[in-house]
Amino acid sequence: MPIQRLSEPPTDGSSYVIPQLEGERISIPGSKSMFRILASAIQTEGALSVFSSGSALADAPGFHHHNEAHDVFLVTKGFLKIWIGDKCKILGPGDFASVPPGVVHNPHWLGPHTETYGLVSPGEWLDFFRYISEPSNSILLPEFDDRHILEILIPKVMAAKGKYDVVFHPTHVGCEVSELDDSDKVLPDGLEPYYLVANTGPRWILGGVLSRPFITTKQSSGKFAISSIESSSELKPTLPTMQFPKVHHCFCVFEGVLEATVGDNEPCLVREGETLFVTANTPFTFKFASRFVRLWSFTTGDGIEAVIHKAGVPFKGIVLPDTAESFDGKKFEAACSELGVELL
């Protein structure tokens, strides 16, 4: 039978596909933005929530921090101005920012049409978004919602004071914008705030599959990882069927077509803009079904990106190569054994 295709994440703990621009769609009044929830605490056993968002130019939500929640921002279209601690930088397509707990930040979607992917851990934090938002049926985003965001947001936040992990800093004054530089092209050694310029940072290749991590479990205190996974039908990459006993995977296809076989389901095509969620302890494998395929991988621990890292080799190039590297089967099996991944 085919894997279920749903407009919103299910509540039965099964794997699923969400079509382009679908998900649980909500909007903060006056924000001119749309949040499309692709996976939340229900699907990830509380570990994290993944969502896409679109926004036109509107007021920023205000400076705040979270005591426990880790927040990330991955820009796919337009521009995002974001204050993090004592820095402020403008991110464009492919740029990334990580905001650990306790760090004051303030994201400002600059538009005219900005799209991002976000992750927050633990996943229950997304209930704050649900609390301050309302359902929305806009195709992309409610551009002409001219309500004043702070007039609506502040009373709701005050009414729920202490219930959600959000601490606002109304008197905080942000710093001036600075340029992205060479310090924004590497991953830090541990849990700290950082920016990452598109297509920089470490790169690992396993056969014909390339992984560019935005954040690994090393930078998230073991909670999650996010990576760009890339390949091509021309390289004919082979990934054996793997089963991660404790790690959920959320794959958001950004370019091209992915053919995925999940559990006992028939092979399915997942196209640009679509999301595939694979529950922990479910076997899956991929075929890259177009000339170039790029997907964002969000995992609740060391997932497919960690296998590529440990079983592959460092890659010095910038773009996917024309020929695949050799695939070391014994090294692959050893990496899976180390990570507790079952091969089927």
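The values are calculated or read from the model by the stated rules, or taken from the named source; none is laboratory data. Being a predicted model, the structure only gives us computed values, none of them experimental. When we count neighbours, we look across all protein chains shown, and the Cβ atoms used for this are built from the backbone with ideal geometry, even at glycine.
Numbers for the structure displayed
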{"quantity": "Val257 surrounded by fewer than 22 Cβ atoms within 10 Å (Cβ to Cβ), over 28 Å from Leu21 (Cα atoms), modelled with pLDDT of 95 or more and among the β-branched types (Val, Ile, Thr)", "calculated": "no"}
{"quantity": "Candidate set: the range 1-34, residues that are surrounded by 21 or more Cβ atoms within 10 Å (Cβ to Cβ) and in contact with a helix residue (DSSP H, G or I) (Cβ under 6 Å, 6 or more places away or on another chain); chosen: the one farthest from His248 (Cα to Cα)", "calculated": "Ser31"}
{"quantity": "Qualifying residue in the range 71-93 (condition: out of contact with any Pro (no Cβ under 9 Å at 6 or more places or on another chain), under 29 Å from Gly13 (Cβ atoms) and modelled with pLDDT of 95 or more)", "calculated": "yes"}
{"quantity": "Test: residue in the range 101-122 that is of a type in the set (D, E, K, R) and within 16 Å of the chain's Cα centre (by Cα)", "calculated": "yes"}
{"quantity": "So Glu234, is it in a helix (DSSP H, G or I), surrounded by fewer than 19 Cβ atoms within 10 Å (Cβ to Cβ) and either at positive phi or in contact (Cβ under 8 Å) with a residue 40 or more places away in the chain (or both)", "calculated": "yes"}
{"quantity": "All positions within the range 150-204 that are charged (D, E, K, R), outside any loop (DSSP other than H, G, I, E, B) and modelled with pLDDT under 95", "calculated": "Glu151, Lys156"}
{"quantity": "Flag for Ser227 being within 23 Å of Ser49 (Cα to Cα), crowded, with 20+ Cβ neighbours inside 10 Å and of a type in the set (Gly, Ala, Ser)", "calculated": "yes"}
{"quantity": "Hey, Pro245 in contact (Cβ under 8 Å) with a residue 12 or more places away in the chain, more than 22 Å from Ile205 (Cα to Cα) and touching a strand residue (DSSP E or B) at 6+ places or on another chain (Cβ under 6 Å) or not", "calculated": "no"}
{"quantity": "Every residue from the range 300-344 that is assigned to a helix (DSSP H, G or I) and more than 17 Å from Ile226 (Cα to Cα)", "calculated": "Ala311, Gly329, Lys330, Lys331, Phe332, Glu333, Ala334, Ala335, Cys336, Ser337, Glu338"}
{"quantity": "In the range 112-124, the residues that are within 16 Å of Ser27 (Cα to Cα), touching a Ser or Thr at 6+ places or on another chain (Cβ under 7 Å) and not hydroxyl-bearing (Ser, Thr, Tyr)", "calculated": "Glu115, Gly118"}
